[in-house]
Structure formats: C-alpha cells, structure tokens
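Some notes on the structure that comes next.
Computed from the coordinates by the stated procedures, all read-outs in this text should not be read as laboratory data. Values in this document were obtained by computation on a predicted structure and should not be read as measured data. Counting neighbours? That spans all protein chains shown, and the Cβs are built from the backbone with ideal geometry, glycine included.
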Amino acid sequence: MLEVKDVHFRYSKPVLTGASVEVARGQLLAVLGPNGSGKSTLIKIIVGILTPERGSVFIEGRSRASMTRRQSAQLIGYVAQESAIRFPLTVMEFVLQGRFAQNRLIGFESQRDVREAERAMELTETTELAARPVTELSGGERQRVMLARALAVRPEILVLDEPVANLDIAHQVKMFEVVKRLTVDEGTIGIVVTHELNLAAEFATSVLLMKAGEIEAGGSPREVMTESLLRTVFDTDLMVDVNPASGAPRITLIAPRASQMLRSV
Amino acid sequence: MTTRTAMSKVASVRGRLPKRLTARRLLITISVLLTLLLIVGVFSLAIGSERIELGTVADVIAARLTGRISSASPEHAMIVASIRLPRVLMAITVGAALAVAGAAYQALLRNPLADPGILGVSSGAALGAITATIFTDALPVSRPVAAFVGAAATIAIVYILGQHRQGGGAERLILAGVIINALLSSIVIFLVTTAGARQRSVLSWLIGDMSGETRLLPVVALFVLTGIAAIYLNARGLNLMMTGEEDALVLGVETQRVKLIVYLAASLLTGAAVAVSGAIGFVGLIIPHAVRLAGGSDNRLVIPASAVAGATFLMLADTLARTVIAPRELNIGVVTALVGAPVFIYLLRRTS
C-alpha cells in the first residue's frame, strides 16, 4: 500500500495544497489533469526527487522520509519523461542501472543482476536491443528501454511520468498493456501520469483528477470520468459515453465550433 | 551531418563491443594500455637532442630501481635519470590528471564537450597558481593548493551560469565556460604583465610546459592519485548521473554527495596539473572521447583507461614538443591544441 497524506509543496507559488491518495497492490492509478495541475510534482514527491513541505508518504506503512536513498530505491521503479542521453551506453548497461541499489558501490554486476536485467528486457521486448547504444534508439524503443530499467529494480511501486507521450497509437496501447500486466496482474502498485484520457479509462483501475494543485476527484474510471468533472478539470468541452468494445468511459473532445453546432441542433 | 547518421557511425564502431563491461574486459584493457604506456615511456627516454640506445635506457632505469650503478656512461645516465625521467613522470602525472578531470566533468555535466580548458577551469587554476606565485613563493605546496582553489571556484561559477530552468543545454554551459575563460585569461595576462622580470618564463608556463618544477612532482603526484581514486570510487554513481540526475537519485545514488566529491576531485586534478605545467588544453576532451569510442561509456573503464591513455598521450606530445624543432622546444600546449581543436569541432558538430 502506498499512502500520500496531506502533501504540500511550493516552488515560488504553491503547486500542491494538501494532496492525499492511497494506492493498493494490484491497482493502476492514472493521474490526470491539465498542464501545471501538480501531477508531476505529486509523483516526484512519491519517488523522492522532491521533499514535501508538509505531509508525508508511506510505503507499506513505512514513512519514506525515514528511509535511505538505497532503501527507497529498492522499492521504486520510475520512468521519467524522456530525457536526452548524450553518452552511447549500451541498452544492457542502461537496464543494469536499475540494479544499482542492490549492489555494492564498487565492483561489477552479479549473475543475478544480469538475469534480472534480461527478464526486464524480455517483459518489454527489448532483448534484441541489448548491445545497441541508447543514443541510437527510436522514441518507442527508448521508452521501452526506460521501462526495462525501472523493472530491473523489481519494484514494489512502478511510477511512470507520461510514458506514451512520444509513441504512436499502437505503441501507446502496447505500453499500457505491459504496465497493466506488471501492476494489476502481478500485484505491483502502479501510478501513471498521462494526457491520454481514453487509455487511462481503458487500462487504469482508478483515476485521480487534479487541478491547480488540488485533487478534484478520485475513484474508478466510471465514477470519476464524467462529463461534468472532466469539463471542469480540463476547462474544455467534451462528451463522455461508453466504449462499446470494453464498457469503459469513452471521451470525445469537441472543438468550439462543433460545440456551437451541437447546441444549435 | 545530422546527429542520427553521426550517431549510427559511432554505433557501427561500437557494434563490435560486448553488451556490458566485465571485470575481465577492464583488466585486459588496462593491461594493454599500461603496456603501451611503458613502450612509449622507454622511447621518450631514448629520444631527444642526444639519442640514447634503448638498451642503455633500460639499464639506467633498472640500475635506478635496484640501486646498483649503471654500466652506461655518466652523461647518458645523467640525461636519462635526471633530465628525461622527471619530465616523463611529470607528463604521466599531468596527462592522467587532465584526462580524468575531463571524463569527470563530462559525466557530471552530461556533456561530452566538457574539458577543464574549455570550461575555464584551467584558467581559474592558473589564476590561483599565479596569485600564489606572486604573493607566497616560499612554500612549494602553496601553488597547487591555490590552483585547486581557483579551479573549484571557477567550475562553481561556470556551472551556475550554465544552468537553465530546463536543465541547461550543452551550448549554454560551453558558452559560460568560454566567457569565464576569457575573463580569467585577461586577469592572468594582467598579472603577468605587471609581474615584471619573470614575464617570459611565466608566459611559457601558461601555455604549457613540462620542463620546470620537478621539485613539485611528489606533491602533485599525491594530489593526482587522491583525485583519481576519489572519482573512481564514484564511477558507478557517475554512470547513472550521465543519464539524468533525477533518475539517478531515484535509483539510489546520493547525487549531491557524488557531485560534491567528484567536482572537488576534478578541481584537485586540474589544479595539480596546471600548477606544474600550465594550462594544457584538450587532453581532457580527446582522451575520454577516444576511450569511450573504443571501450564503451562505463566509467569504471573510462576513468582508469583515460588516466593511462592520457598519461601516454601527454608523454608522446611532450616528446614531439621537444624534438620537432630541436634544439628549440615547442610548448606542449601547442601540440595538444593542434590535435585537440579539430576533435572539438567534430564533437561540437555531432552533439548540437
């Protein structure tokens, strides 16, 4: 169980004002909200990049403030928004970085580390890429490799910040399928920040709607992804009906002109 | 050339490499490089205005090590042991220091263009060393220490100027280095000009010179060994930081501590090198780059391999410097810049 309790954070102005959320094992939580709503800040606090000004984060009942870097690193797999890598590390070397916290500071990776890396690469279908330099990968390959590094940790919590931002639709679906399998099917705690409302509705077990540093609503996709709530949060016109294939909420965006036409009908 | 085609060119070279670094591969690589260092070392001792037989060189060195008296002529024994050997040892120390400092700055700043010379750190060290020379010439240790302080202060300033809300681009950082370098160089020139009588020798030292200051060798070697060891102990952390500081933090690296230690150690290396040999450019740029190209980007290899390769390279450059226009000598900084500047241009085109 991951518990975030009444977390506050500010840069020059407040970014998070009292966010609380709980995610259980086997749950995949989608964090949704417009740009600047505090989504990334919230997950940076969860993974420990930022320290909250007030409030705290508990992992399996243990306060994360009381853990060392290495201790928390053994629990958390984190895939950040894509960053430029200028050094031609091989994919294998990159994925093995996920084993850092399991290792001594000096020396080399053990056979077990290599096995964990290979397993992570199998899960993300990146085994073929092992000897390639990460600088040479396509956007989709790089996202999968970053996920592989997070999985090599063997995390209790998997946190992804916009993992499908640079992917085509087929890769988007595939990425969410993999993440769902790893979390919902394998009993890991999953958190994903995304702008893809329909993918979130389809794959997430619960949804968090954020606006201006506060949590507007939380619950199952069906409870939360309603027309009125989504309109308020995103400040744009949209329609919600039911996806005939899966029964999940289906969100259709409506451009201002179309919205006028609808009203006049 | 587009980045992608250049990258795939690198990839085709890298394609022959194994997937990851192992202890065995590290050992083999370092052994090969050490053998090369030894061979170049013996040749450096033999070549010069007075050519000495390789056998004689070996005999003098062996005699030195075992404490017996060499069968070589006293002149030759003197040239090898007292003139060339200290100079070769100095080139080894300075070359190792500059190459490792370069590799460390590159990893910390996530920028393959970083180098103590380009970042202005060498100028900062030179300013420190000159200030110490002018004001406290009595203590031999004061110069490397002051150079270290100058180097550390400079990298702090350049780092802050190179920062950007989005994390700082490669070009912004290099630009900050160029500006600080220009500023510090002007101050150095000002100080040198007003220093008077010793102007010529100080100027020569500034461009890079291996001939003087052998009395500082033990102190400088100690600085350099400490600096390299400190950086090597953080090589795994540096590997992670190369791919992003926040990622490294989440994966368990104490990034603040690694940053502090490695910045200080790299400044120590630069300070030590500059204090004895002036601001020799480009070693920190070319050597780590060549090592990565041939052996991969894992810092557990890049750091020690750069140390040995940098030592060999500078020894070679110094041998060239004192033989090409013999009996006169070129400044070694001229030699390294002639090799290094084209490499920098190539790298700049590739990364931007």
Taking Cα pairs closer than 8 Å and at least 6 residues apart, the relative contact order of the stretch B:38-180 in percent is 16
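Let me know the volume per residue of the alpha-carbon convex hull for the stretch A:220-265, in Å³.
Details: hull volume 3.6 nm³, N = 46.
Dividing the Cα hull volume of the stretch A:220-265 by its residues yields 78 Å³.
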Between helix B:121-135 and chain B, what is the angle of the helix's C-alpha long axis to the longest principal axis, kept within 0 to 90° and rounded to the nearest 10? 50
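Under Stokes-Einstein, with the Kirkwood radius over Cα pairs standing in for Rh, what whole-number D in µm²/s applies to the stretch A:181-249 at 20 °C and 1.002 mPa s?
167
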If the elastic network links every pair of Cα atoms under 10 Å, which of B:ASN239, B:ASN299, B:ASN181 fluctuates the most in the Gaussian network model of chain B? B:ASN239
Take the alpha-carbon centre of the stretch A:1-42, take the same for the stretch A:78-135, and report the distance between them in whole Å. 28
To the nearest 10 degrees, how steep is helix A:139-152 against the longest Cα principal axis of chain A, on a 0 to 90 scale? 60
Built amide H within the under 5 Å cut-off of A:VAL15, gap 5+: A:PHE9, A:ARG10
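Over 27 Å between Cα atoms: which of A:LYS39/B:LYS19; A:LYS44/B:LYS19; A:LYS13/A:LYS180; A:LYS180/A:LYS211; A:LYS211/B:LYS259; A:LYS13/A:LYS174 fall into that group? Mind showing how you got there, number by number?
Working: A:LYS39/B:LYS19 36 Å; A:LYS44/B:LYS19 31 Å; A:LYS13/A:LYS180 35 Å; A:LYS180/A:LYS211 25 Å; A:LYS211/B:LYS259 36 Å; A:LYS13/A:LYS174 38 Å.
The answer is A:LYS39/B:LYS19; A:LYS44/B:LYS19; A:LYS13/A:LYS180; A:LYS211/B:LYS259; A:LYS13/A:LYS174.
Around A:ARG10, what is the net charge, scoring Lys/Arg as +1 and Asp/Glu as -1 over all other residues with Cβ under 12 Å from its Cβ?
Working: positive: A:LYS13, A:ARG54; negative: A:GLU53.
Local net charge: +1.
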Quick check on packing: order B:48-56, A:223-231, B:111-119, B:125-133 by the mean number of other C-beta atoms within 10 Å, highest mean leading. B:111-119, B:125-133, A:223-231, B:48-56
Would you mind checking the tilt of helix A:169-180 against the longest principal axis of the Cα atoms of chain A, expressed as 0 to 90 degrees and rounded to 10? 70
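Counting other beta carbons within 10 Å of each Cβ, put A:ASP113, A:ASP241 in order, fewest first. Spell out each step's value before the answer.
Values: A:ASP113 19, A:ASP241 10.
If I rank by nearby Cβ atoms, fewest first, I get A:ASP241, A:ASP113.
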Rounded to whole Å, give me the distance from the Cα center of the stretch B:235-281 to that of the stretch B:32-54. 32
For chain A, the spread of Cα positions along each principal axis, largest first, Å: 70, 41, 34
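In what sequence do A:LEU96, A:LEU105 fall when counting other Cβ within 10 Å, fewest first?
Details: A:LEU96 27, A:LEU105 14.
Fewest to most other Cβ atoms nearby, the residues stand as A:LEU105, A:LEU96.
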Calculate the translational D of the stretch A:102-175 in whole µm² s⁻¹ from Stokes-Einstein, where the hydrodynamic radius comes from the Kirkwood formula applied to all Cα pairs, the temperature is 25 °C and the viscosity 0.890 mPa s. 184
Once Rh for chain B is found with the Kirkwood sum over Cα pairs, what is the Stokes-Einstein diffusion coefficient at 10 °C and 1.306 mPa s, in µm²/s? 76
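How long are the semi-axes of the equivalent ellipsoid of the stretch B:226-352, taking √(5λ) for every eigenvalue λ of the Cα gyration tensor, in whole Å from largest down? Present the calculation step by step, with values, prior to reporting the outcome.
Values: eigenvalues 188, 56, 29 Å².
Ellipsoid half-lengths, sorted descending, are 31, 17, 12 Å.
I want the local charge near B:THR22. Using Cβ-Cβ distances under 13 Å, sum +1 for each Lys or Arg and -1 for each Asp or Glu among the other residues. Intermediate values should be presented prior to the final figure.
On the way: positive: B:LYS19, B:ARG20, B:ARG24, B:ARG25, B:ARG300; negative: A:GLU93, A:GLU109, A:ASP113, B:ASP298.
Within the 13 Å Cβ shell, the charges total +1.
Tell me, in nm to one decimal, what length is gained between B:ARG257 and B:SER71 on full extension, where the rule is 0.36 nm per residue of separation less the Cα-Cα distance?
Values: separation 186, 0.36 × 186 = 66.96 nm, distance 5.34 nm.
Length difference between fully extended and current span is 61.6 nm.
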Relative packing of A:193-206, B:65-78, A:45-58, which averages over residues the other C-beta atoms within 10 Å, highest first: A:193-206, A:45-58, B:65-78
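What average count of beta carbons from other chains do you get within 10 Å of the Cβ of residues in A:127-140? Provide the component values of the computation, followed by the final result.
Details: counts 0, 0, 1, 3, 8, 4, 10, 2, 9, 8, 1, 1, 0, 0.
Neighbouring Cβ atoms belonging to other protein chains average 3 per residue here.
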Using unit Cβ charges (K, R positive; D, E negative) and no other charged atoms, how large, in debye to the nearest 20, is the dipole of chain A about its Cα centre? 660
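Filter the trypsin sites (Lys or Arg not before Pro) in the stretch B:274-352 down to the DSSP loop ones having no more than 13 other Cβ atoms within 10 Å, then list what survives. List each step's numbers first, then the result.
Details: sites: B:ARG292, B:ARG300, B:ARG322, B:ARG328, B:ARG349, B:ARG350; in loops: B:ARG328.
Loop-located and lightly packed - B:ARG328.
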When the convex hull of its Cα atoms is projected in every direction, mean area for the protein assembly as shown (nm²): 33.0
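Mind sorting A:ARG222, A:ARG86 by how few other Cβ atoms lie within 10 Å of their own Cβ, fewest first?
On the way: A:ARG222 14, A:ARG86 19.
Sorted ascending by nearby Cβ count, the order is A:ARG222, A:ARG86.
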